[in-house]
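Okay, structure first, notes after.
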Amino acid sequence: MDKSEVAAVLEEIAVLLELQGENPFRANAYAKAGRTIGQLETNIADVVAAGTLDQIPGIGETLRDKITTLVTTGKLPFYDDLKAKTPPGLMQMLRLPGM
């Protein structure tokens, strides 16, 4: 996965956490991490391979592990679980203008 795909997944996780009533600080951490990853000037796979992901501001242990899993496998069970708990079509409704 490239950095834009990883950033999109992290930002969608933030929305899903908000929809499910999770701690707003946790949702904000995922949103901020998504923006940070999206603005990286280096390849995310290189950062993961070098083991320096947790040196990026706002990326702690938990996010490091999840981003590493996402980059290396292309999947994230945590993300899949959140999507499964969300009613079908809800995320598409949120993309409609004015919603």
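Only the coordinates and a few stated rules stand behind these numbers; no lab work does. The structure displayed is predicted, hence computed values, not measured ones. Here Cβ is always computed from backbone atoms with ideal geometry, including for glycine, and neighbour counts include all displayed protein chains.
With both labels modelled 7 Å from their Cα along Cα-to-Cβ, the residue 4 to residue 54 distance reads 3.1 nm. Straight-line reach from residue 85: which aspartates and glutamates have a Cα under 16 Å away, not including same-chain ones fewer than 8 places off? Excluding near neighbours in sequence, the set is 12, 18, 22.
So between residue 23 and residue 35, what do we pick up on full extension, going 0.36 nm a residue minus the alpha carbon distance?
Result for the pair: 2.4 nm of gain on full extension.
If you take every residue apart from residue 42 with its C-beta less than 13 Å away from the C-beta of residue 42, what net charge results, scoring Lys and Arg +1 and Asp and Glu -1? Within the 13 Å Cβ shell, the charges total -2.
How many percent of all Cα-Cα pairs in the chain sit more than 24 Å apart? Summing the P(r) tail past 24 Å for the chain gives 20 percent. Within the straight-line cut-off of under 18 Å between alpha carbons, the lysines reachable from residue 32 are 3, 66, sequence neighbours fewer than 8 places apart in one chain being disregarded. Each residue, residue 75 and residue 45, gets one label point 7 Å from its Cα in the Cβ direction; the gap between the two is 1.9 nm.
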